[in-house]
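K.L.:
Sharing a structure here in structure tokens format.
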Amino acid sequence: MKFIVIVGDGMADYPILRHGGKTPLELASKPNMDMLARRGRLGIVKTVPDGMPPDSGVANLCILGYDPRKYFTGRGPLEAGAFDIPIGPDDTIFRCNLVTVRNGILVDYSAGHITNEEAQKLLDEMAKLDVGEYFLGISYRHTFILRNAEISAGCTPPHSIIGQPIHQHMIGPDGGELGRRLNELMLRSHEILSRHPVNLRREREGKNPANMIWLWGPGKKPSLEPFERKYGLRGGVIAGIILIKGIGRYAGMRVIEVPGATGYYDTNYEGKADYAVRALEDLDFVFVHVEAPDEAGHAGDVEMKVKTIEDLDRRLVGRILDRVDLDETKIAILPDHPTPIERRMHMPDPVPALVYSPGNPSDRLRFSEAEARRGSLGFIDGPQFMRMFISEL
């Protein structure tokens with residue numbers, strides 16, 4: 001038996017009144033997911049434990065069966081796992097966003113989805129200050145490391161404070177002297193990057209400038225039990241974002257690089273499907289992550305969110321279904337958390353999940369938040385989902 005888990009990041013949502021009280025999952029045409037739902041079983045999975053932030057790191061660890069209450073040390077450390085760099089036990093690792101700030105207001109957590117080439121030039125400029133180390137990720141998502149430093153406080157995730165004053169969300173007094181210095185670094189970055197040629201050109205072109213760094217999600221390097229030892233399966237991950245690649249590396253899984261996997265609307269859906277099927281020739285399990293629905297949720301763009309779900313269904317799920325033996329393959333599809341259009345931020349609500357398992361009874365439902373609540377799988381505690389998917393469902 002082969003196993004495929006497909007995660008549509010932020011795909012779950014709330015009913016939208018102006019669209020007849022339907023969610024994007026209900027509005028989207030998704031014949032492939034609905035076919036699997038009719039032939040499979042639905043349920044609700046709690047991917048964010050009570051008291052924890054609805055961070056994608058928390059939720060994806062949970063889906064993979066790593067209880068975030070034990071393994072989540074911060075967003076920054078998980079993403080750093082994607083890089084081939086030495087990380088010591090006393091190093092503190094942050095997620096470093098390039099953001100757009102105007103008149104003290106955070107207006108864009110992604111700096112207009114800046115290119116990697118532009119981002120590298122801006123990080124190189126910041127490195128001249130000789131405070132910490134910067135590592136290029138993808139677009140606006142990067143990593144910042146302080147060697148031999150201890151700080152547990154961080155800023156609020158920037159995607160949660162769109163349209164709000166930055167001074168209300170920087171590192172608080174519990175960050176101590178180091179927190180104060182990091183706040184100074186971020187404010188200094190606004191001065192430096194605002195006049196950088198990259199941003200002056202972006203302004204002329206009508207694009208949002210990447211005129212500030214934003215440090216959040218700090219923590220120490222985690223230690224995950226190898227996926228193969230945990231489940232007896234050789235696994236791989238496919239993603240356009242460094243978070244999933246980092247989790248995969250920490251778990252000893254194969255990180256499968258797909259050309260054109262951008263973590264945005266223009267990601268290479270077909271490539272992800274093809275590489276997933278090819279990987280299953282010598283792996284037992286593949287985890288395929290798609291970031292695009294989350295980006296649409298943060299943008300508050302319902303039409304784009306519907307399109308990303310339809311792209312996921314037609315260009316990735318359908319393509320996989322055409323290339324695998326459904327009598328020998330188990331498939332699960334679920335979001336990691338909701339990113340509701342009308343909230344534009346992550347929420348901790350349980351998410352709908354579908355599980356297709358050959359030969360098992362089916363619920364004969366469509367894949368949506370409401371239908372999943374009627375499914376025979378019922379309510380599943382997140383850290384138990386993966387073992388149930390592999391061994392029981």
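The values are calculated or read from the model by the stated rules, or taken from the named source; none is laboratory data. Computed from a predicted model, the values in this text were never measured in an experiment. When we count neighbours, we look across all protein chains shown, and the Cβ atoms used for this are built from the backbone with ideal geometry, even at glycine.
K.L.:
Are any residues in region 62-93 outside any helix (DSSP H, G or I) and of a type in the set (A, V, I, L, M, F, W, C), and if so, which ones?
P.N.:
Selection gives Leu64, Phe72, Ala82, Phe83, Ile85, Ile87, Ile93.
K.L.:
Next question, about the same structure. Looking at (1) out of contact with any Pro (no Cβ under 7 Å at 6 or more places or on another chain); (2) assigned to a strand (DSSP E or B); (3) closer than 24 Å to Gly375 by Cβ, which is the only condition Leu42 fails?
P.N.:
Result: Leu42 passes all but (1).
K.L.:
Related question: If I ask for residues that are touching a helix residue (DSSP H, G or I) at 6+ places or on another chain (Cβ under 6 Å) and assigned to a helix (DSSP H, G or I), which ones from region 216-256 would you list?
P.N.:
Tyr231, Ile242, Leu243, Gly246, Ile247
K.L.:
Also, I was wondering about something else. Among all residue pairs at least 6 apart or on different chains, which show Cβ distances below 6 Å where the first residue, located in region 58-69, is within 16 Å of Leu334 (Cβ to Cβ) and the second is part of a loop (DSSP other than H, G, I, E, B) and acidic (Asp, Glu)?
P.N.:
Ala59/Asp336; Asn60/Asp336
K.L.:
Another question about this same structure. What do you reckon, is Pro350 surrounded by fewer than 24 Cβ atoms within 10 Å (Cβ to Cβ), assigned by TED's automatic domain parsing to the domain that holds Met33 and in contact with an Asp or Glu (Cβ under 8 Å, 6 or more places away or on another chain)? Spell out the reasoning first.
P.N.:
On the way: surrounded by fewer than 24 Cβ atoms within 10 Å (Cβ to Cβ): yes; assigned by TED's automatic domain parsing to the domain that holds Met33: yes; in contact with an Asp or Glu (Cβ under 8 Å, 6 or more places away or on another chain): no.
In short, no.
K.L.:
Do we have Ser368 as touching a strand residue (DSSP E or B) at 6+ places or on another chain (Cβ under 7 Å), among the small types (Gly, Ala, Ser) and over 21 Å from Phe285 (Cβ atoms) here?
P.N.:
Criteria met by Ser368.
K.L.:
Do the conditions hold for Asp34, that is, is it under 25 Å from Arg95 (Cα atoms), assigned by TED's automatic domain parsing to the domain that holds Met386 and among the acidic types (Asp, Glu)?
P.N.:
In short, no.
K.L.:
Can you find, within region 291-317, the residue that is surrounded by the fewest Cβ atoms within 10 Å (Cβ to Cβ) among those that are among the hydrophobic types (A, V, I, L, M, F, W, C) and farther than 18 Å from Tyr140 by Cβ? Don't jump to the end; show me each part of the working.
P.N.:
Let us first name the residues in region 291-317 that are among the hydrophobic types (A, V, I, L, M, F, W, C), namely 292, 296, 299, 302, 304, 306, 309, 312, 316-317.
From what's left, farther than 18 Å from Tyr140 by Cβ: 302, 306, 309, 312, 316-317.
Values: Val302: 20, Val306: 24, Ile309: 28, Leu312: 27, Leu316: 25, Val317: 26.
Only one residue tops the list, namely Val302.
K.L.:
Among what's in region 307-339 and is under 22 Å from the mean Cα position of the chain (by Cα) and of a type in the set (Asp, Glu), pick the residue that is nearest to Lys46 (Cα to Cα).
P.N.:
Selected residue: Asp336.
K.L.:
So how many residues does region 356-384 have that are acidic (Asp, Glu) and surrounded by 21 or more Cβ atoms within 10 Å (Cβ to Cβ)? It would help to see each step written out before you state the result.
P.N.:
Our first condition is that a residue be acidic (Asp, Glu); within region 356-384, this holds for 363, 369, 371, 381.
After this cut, where a residue has to be surrounded by 21 or more Cβ atoms within 10 Å (Cβ to Cβ) as well, the list is 369.
Of the residues in region 356-384, 1 are acidic (Asp, Glu) and surrounded by 21 or more Cβ atoms within 10 Å (Cβ to Cβ).
K.L.:
Quick check on region 105-115. Is at least one of its residues surrounded by 20 or more Cβ atoms within 10 Å (Cβ to Cβ), within 22 Å of the chain's Cα centre (by Cα) and assigned by TED's automatic domain parsing to the domain that holds Arg374?
P.N.:
no
K.L.:
Now a separate question. Within region 205-214, can one find any residue that is in contact with a Cys (Cβ under 7 Å, 6 or more places away or on another chain), surrounded by 15 or more Cβ atoms within 10 Å (Cβ to Cβ) and modelled with pLDDT of 95 or more?
P.N.:
Yes, region 205-214 contains at least one residue that is in contact with a Cys (Cβ under 7 Å, 6 or more places away or on another chain), surrounded by 15 or more Cβ atoms within 10 Å (Cβ to Cβ) and modelled with pLDDT of 95 or more.
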